[in-house]
1. Does region G:43-54 hold any residues that are crowded, with 19+ Cβ neighbours inside 10 Å and either more than 11 Å from chain A (Cβ to nearest Cβ) or in a strand (DSSP E or B) (or both), and which are they?
2. What are the residue pairs meeting all of these: first residue in region C:70-96, first residue more than 7 Å from every other protein chain (Cβ to nearest Cβ), second residue assigned to a helix (DSSP H, G or I), Cβ atoms under 6 Å, and 6 or more apart or on different chains?
3. Would you please name the residue that is farthest from the other protein chains (Cβ to nearest Cβ), looking only at residues in region C:1-16 that are under 15 Å from residue D:57 (Cα atoms) and part of a loop (DSSP other than H, G, I, E, B)?
4. Among the residues in region C:46-53, are any out of contact with any helix residue (DSSP H, G or I) (no Cβ under 7 Å at 6 or more places or on another chain) and at pLDDT 90 or above?
5. Would you please name the residue that is surrounded by the fewest Cβ atoms within 10 Å (Cβ to Cβ), looking only at residues in region C:60-79 that are modelled with pLDDT under 85 and part of a loop (DSSP other than H, G, I, E, B)?
6. Exactly one of these conditions fails for residue A:57: (1) surrounded by 18 or more Cβ atoms within 10 Å (Cβ to Cβ); (2) closer than 30 Å to residue B:51 by Cα; (3) modelled with pLDDT under 90. Give me its number.
7. Among (1) more than 24 Å from residue G:87 (Cβ to Cβ); (2) modelled with pLDDT of 80 or more, which single condition is residue A:89 missing?
């Protein structure tokens with residue numbers, strides 16, 4: 001059983017960054033909203049513009065994305081915890 | 001007696017997820033808004049865009065949907081408690 | 001003397017649901033905004049879209065409607081108390 | 001000396017409803033914003049839509065209108081106290 | 001030295017209403033925002049609509065206008081105190 | 001080294017008004033936001049309208065402008081303190 | 001590993017201004033939000049306008065930009081701390 005996200009929502013599986021690896025993303029322990037990263041499992045069809053047409057999302061399944069630690073809402077699907085967030089909550093896509 | 005929802009509203013019958021089944025959706029007991037799921041009983045004709053045309057909803061009758069636990073407003077129709085919510089409150093459609 | 005509502009306003013005469021009838025709508029006694037129902041006595045011509053054209057309402061005179069208990073503003077016309085609310089405050093139309 | 005209202009503003013002379021007459025509008029003494037009625041003395045040319053065209057108001061001089069008791073701003077013109085309000089604050093037009 | 005207002009701003013010289021004259025505007029001493037009047041000294045070219053075109057203001061130099069007592073911001077130009085306000089803050093134009 | 005402002009931002013060098021000169025602008029010592037004046041050093045290309053086209057600003061380099069005392073953000077460029085503000089914060093252009 | 005920013009986000013590497021150099025930008029030690037500067041490492045494809053078309057950003061890779069000290073969110077990529085901010089948070093581009 002899986003989730004097909006509506007609108008501009010994205011299903012993300014959180015992936016812990018290797019905090020001690022020099023080439024990995026290391027998130028500073030500063031106060032406030034801390035970024036995090038994950039893998040996109042599913043994307044919605046996009047929000048509708050003023051003419052009612054859906055605008056496809058800019059992220060796709062498999063993307064490694066950066067988002068705020070408190071972005072989205074956690075649910076468990078098939079025993080696996082995933083996040084449902086809006087594409088707006090995603091700051092960027094990590095590229096190798 | 002049934003409800004024909006207006007605009008972008010959706011009538012949802014709450015369905016408890018099997019929290020102990022490995023293949024079911026298990027909602028973590030974390031603080032804050034907890035997601036929940038249900039079955040769509042009726043959908044409105046959609047909101048109107050800037051030109052006054054109605055945009056059909058993306059969910060349909062029979063869909064199993066995921067939503068925030070406090071989404072919508074509970075009413076009893078024919079002795080059955082249902083939720084009236086906006087499509088915007090629905091995070092995704094569960095697919096088998 | 002009657003009221004011709006402006007814009008997207010609707011005149012509704014509150015009708016008490018039979019709370020003990022199995023086939024009627026029974027509103028739970030939970031805290032917060034409680035839904036209620038009534039009969040539409042008059043409807044406005046609708047709001048104007050971005051081009052200044054009026055969009056006719058989706059409810060019509062005679063509809064039995066469901067709304068939040070605190071929706072609208074109560075006035076007495078010809079000794080009869082009615083509610084003036086916006087169509088937006090109406091959640092759905094009850095169908096037999 | 002009179003006032004020519006700008007935009008979507010309306011000049012209204014408050015008229016007390018006969019509270020004891022069966023056929024008049026009687027405003028309940030409930031808490032919160034209480035409706036009231038008056039006669040329209042002057043109307044503005046209307047707000048502009050997104051293309052800059054003015055949308056004529058839906059009320060006209062002479063209309064008996066229903067509005068919230070605290071709607072508008074009171075000024076005295078030629079010794080007569082009137083209200084300057086937005087058409088949005090008018091709930092409906094009373095028809096005989 | 002004078003001010004050329006930007007956008008939808010208007011330069012107004014406050015004029016005290018004759019509060020004791022029967023034919024003048026008399027502002028009630030009620031609590032809250034009190035209306036006031038003045039003469040328009042200069043008007044901006046207007047705000048831009050969604051297509052970037054400027055919409056000329058509805059008030060012109062020389063108009064006697066009614067506005068909220070706390071509308072605008074007072075500055076002194078050539079020893080004369082004037083108000084810089086938005087046209088939106090003007091309720092109407094007084095006509096003889 | 002200079003600043004090229006983005007969007008609708010304007011670089012302004014604050015100029016103290018001669019408060020004792022009869023022909024200068026004198027700002028009253030009232031409470032609240034006090035207006036001030038300055039010279040425009042640089043202007044951005046303008047905000048984009050709904051079609052993505054940039055709307056040129058209405059102020060230009062060299063203009064003497066009036067703005068709220070707390071408008072903008074102070075930075076020092078080449079040892080000179082300037083203000084970066086939005087054109088929206090500018091009330092008008094002073095003309096000789 | 002790098003970040004490809006989404007929408008109107010910009011990746012900026014903070015660069016300390018030489019505060020004692022007469023020709024450099026010196027940020028005053030006043031209270032409140034303090035501006036800062038940095039170099040643009042990557043830019044998103046831009047936000048979409050009302051017709052769903054992306055509007056390219058006005059800053060480009062290599063630009064030296066001025067922004068509020070608390071703008072954006074700090075992340076470490078390949079051991080280097082960078083800021084992810086919206087173009088809206090950038091006040092201007094420094095030119096030599």
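1. Within region G:43-54, just G:43 meets the criteria.
2. Every condition considered, the pairs that remain are C:71/C:89.
3. Out of the qualifying residues, it is C:8.
4. yes
5. C:79
6. If we test residue A:57 against (1) surrounded by 18 or more Cβ atoms within 10 Å (Cβ to Cβ); (2) closer than 30 Å to residue B:51 by Cα; (3) modelled with pLDDT under 90, just (3) comes out false.
7. Of (1) more than 24 Å from residue G:87 (Cβ to Cβ); (2) modelled with pLDDT of 80 or more, only one is false for residue A:89: (1).
Yes or no, residue by residue, for (1) under 14 Å from residue A:44 (Cβ atoms); (2) touching a strand residue (DSSP E or B) at 6+ places or on another chain (Cβ under 7 Å):
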site: B:53; (1), (2): no, no
site: B:65; (1), (2): yes, yes
site: B:69; (1), (2): no, yes
site: B:83; (1), (2): no, yes
site: B:87; (1), (2): yes, yes
site: B:92; (1), (2): yes, yes
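The values are calculated or read from the model by the stated rules, or taken from the named source; none is laboratory data. All of these numbers come straight from a predicted model, not from anything done at the bench. Every residue, glycine among them, receives a Cβ derived from its backbone with ideal geometry; neighbour counts consider all protein chains shown.
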